[in-house]
2 protein chains.
Amino acid sequence: MVKAKVIYKPLMTGGLAKQIAERIRESITDGRLKADDRLPTEEELARQFQVSRPTIREALKRLAAQSLIRSRRGATGGSFINRPSREEVSSNLTTATALLVSLGEFKIPEILEARQELELLCVRQAVSRCGQAELDTMAREVDYQQRESISDEDFCASDVRFHRALADATHNSVLKFVMFTVIEALQPIENMVVYRVRERKVIARQHEEILAALRVKDEAAAAETVREQTAYLRERFDAAQAMRKSHSKFRPAEPA
Amino acid sequence: MVKAKVIYKPLMTGGLAKQIAERIRESITDGRLKADDRLPTEEELARQFQVSRPTIREALKRLAAQSLIRSRRGATGGSFINRPSREEVSSNLTTATALLVSLGEFKIPEILEARQELELLCVRQAVSRCGQAELDTMAREVDYQQRESISDEDFCASDVRFHRALADATHNSVLKFVMFTVIEALQPIENMVVYRVRERKVIARQHEEILAALRVKDEAAAAETVREQTAYLRERFDAAQAMRKSHSKFRPAEPA
DNA sequence: GGCCTTTATTTGTCAAACAAATTTACATTG
DNA sequence: CAATGTAAATTTGTTTGACAAATAAAGGCC
């Protein structure tokens, strides 16, 4: 007697709207729909999918939230496959990455390490490609960072601009895109380290060293300083953590 | 006589549903709402925002498409702030990013170069961190890629899995996230090169070499093969472009 | 205690109506 | 003929109201 082998097909889950959105997304992914193509009207889609128009609308809202379509009212209106800008996609990526960061999905040491590796990658490319414009930007920021009167916030903003200039110096738009996203997304963490415990002078000096190394195309020196800066940040962050721990233990009286 | 300076305030655009989704999203990103928190019911949100329930639903669909919330029916149902996985978030972002890539926003040489640099970064990390699981995955894919009966599509899918295993081998979740997103986003370009002109045997052999180098922790050898693979892809793509150019010039008669 | 049924609750879907935005076509005026 | 205004057509955006589907909890029965 042989036991019959029973195969169960996967259930259709997730609701109609989600399934419809997924179907339309596939037709974008597989190239059947291109940027600026117009989707059928909501009424027509409802007829084709044999569902109600509000269900179609819910599906379209899902697609809009992923920047895959945009909609417009009127005689020549409709829903169109979006032609996303670099800024739009980067902004979505940044938001999503920052959310993962804030949820603690990435551990601080991992973040610092990844940042270091990506920076090293930039340095490697920048050494042979740096233009005067990027060097000038970095120099300007280094000068700015050495002022004692600027706020922590402004110092952080300058830090971002310095690292963006470094990414610009790769002269590779894909790498720039990736780096800008990472730099922006990691700002909340950077702020945590930088804003509270940062020794500005050390950071500014390190930036100056990176800049000097790039000027003379000394990749090894620049890389060394990047590593040094990461180690310094790691140390500063650990110190901030330790201080926070001892604070919560002893609960000193709060001044008025 | 001084001309009065007229200031126009920005119009509220994007529809009610979009605005509501944005409001709720802000309360997530600014920490007021945490993972697993329950939102008010749809009816209650409709009351609070003074809009209809379908409008709330449309807003919630936007949030769901960004993996920020998940919903469930029933007595203890409702919409809950999601704790998204990295895979889930990455998956939401890849179609829009791939769309950007397919629009020619990035030049092919830049793409290939960036891909190479990011791969080299992975190799650098993977050499000292690779676990047996990743090696096994890569070996499985190399075997699979050597079969002659698989479709081009399946070969490409296996290629993706190989490179994802390499990213896994870094054991750094930030890098994994970045790499997964980049690998997926570059698929349209990869398909262009791979699908039409790919010499599968060459690619599979190169994967095998990378794997062998990782097994014996030979970073230099692995890096060399990554560079070789990029050069090969560049050459294959150039050949595909040249062939397309000569075709369009002479317009041969089309077979029936 | 285990199992079944009922109830309450919330999201999911549908139908129908009207509003808002947009373009096009047509009429009027100078 | 050009400029301006109005009406019509079309599509998305929003509302109201109803019912379906899914789920957990409570209560009853054995």
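The values are calculated or read from the model by the stated rules, or taken from the named source; none is laboratory data. Quantities reported herein were computed from a predicted structural model and do not represent experimental measurements. We place every Cβ from the backbone using ideal geometry, glycine too, and count neighbours over all the protein chains shown. We work out accessible area using only protein heavy atoms, side chains counted, and drop any ligands, DNA or RNA first. Shrake-Rupley method; radii C 1.70, N 1.55, O 1.52, S 1.80 Å.
Residue by residue, the stretch A:41-48 carries 3J(HN,Hα) couplings of 4, 4, 4, 5, 4, 4, 5, 5 Hz when phi is fed to the Karplus relation 6.51 cos²θ - 1.76 cosθ + 1.60 (θ = phi - 60°); x denotes Gly or Pro. Once the chain from A:Lys217 to A:Gln132 is taken as fully extended at 0.36 nm per residue, the excess over their C-alpha distance is 29.3 nm. Using a probe of 1.4 Å, the accessible surface attributed to B:Arg86 totals some 50 Å² when neighbouring protein chains are kept in position. Within a straight-line Cα-Cα reach of under 19 Å, A:Lys18 can be paired with the following aspartates and glutamates, leaving aside sequence neighbours fewer than 8 residues apart in one chain: A:Glu26, A:Asp30, A:Glu42, A:Glu43, A:Glu44, A:Glu58, B:Glu42, B:Glu58, B:Glu87, B:Glu88.
Counting, for every residue in A:179-187, the Cβ atoms of other protein chains within 10 Å of its Cβ and taking the mean gives 1.
The H on the amide N of B:Ile69, modeled in the peptide plane, is under 5 Å from the matching H of B:Ala64, B:Asn82, each at least 5 residues off or on a different chain. Computed with every protein chain present, the accessible area of A:Lys34 is close to 120 Å² [probe 1.4 Å]. Taking a point 7 Å from the Cα of A:Glu235 along the Cα-to-Cβ direction, the residues of the stretch A:198-228 with backbone N closer than 15 Å to it are A:198-207, A:225-228.
Peptide B:169-177 has a mean of 6 when you count, residue by residue, the C-beta atoms of other protein chains within 10 Å of its C-beta.
The amide H of B:Cys130, built 1.01 Å from its N in the peptide plane, has no neighbour under 5 Å, considering only residues 5 or more places off or on other chains.
The count of lysine pairs in the stretch B:87-245 that are at least 8 places apart or cross chains, and whose C-alpha atoms lie under 25 Å apart, stands at 4. Expressed as a whole percent, the accessible area of the protein assembly as shown that falls on carbon and sulfur atoms is 52 (1.4 Å probe).
Remark: spin-label model distance A:Arg23-A:Ala35 equals 2.7 nm, labels positioned 7 Å along the Cα→Cβ axis.
The alpha carbons of chain A stretch over 67, 58, 52 Å along the principal axes, in descending order. In the protein assembly as shown, the calculated helix contribution to ellipticity at 222 nm averages -23000 deg cm²/dmol per residue, counting -39,500 (n - 2.57) for every DSSP H run with n ≥ 4.
If you place +1 on the Cβ of every Lys and Arg, -1 on the Cβ of every Asp and Glu, and leave all else neutral, what size is the dipole of the stretch B:87-245 about its Cα centre, to the nearest 20 Debye?
With Lys and Arg at +1 and Asp and Glu at -1, about 260 debye.
Anything losing 40 Å² or more of accessible area from the isolated chain to the full protein assembly: pick those residues out of the stretch A:52-74, probe 1.4 Å, ligands and DNA/RNA ignored. Buried by the other chains: A:Glu58, A:Lys61, A:Arg62, A:Ala65, A:Gln66, A:Leu68. The listed residues A:Arg115, A:Arg38, A:Arg70 rank as A:Arg38, A:Arg70, A:Arg115 when sorted by accessible area, largest first, using a 1.4 Å probe.
Computed from backbone phi, the HN-Hα couplings of the stretch A:203-214 come to 4, 4, 5, 5, 4, 4, 5, 4, 4, 4, 5, 5 Hz, rounded to whole numbers (Karplus: 6.51 cos²θ - 1.76 cosθ + 1.60, θ = phi - 60°; Gly and Pro given as x).
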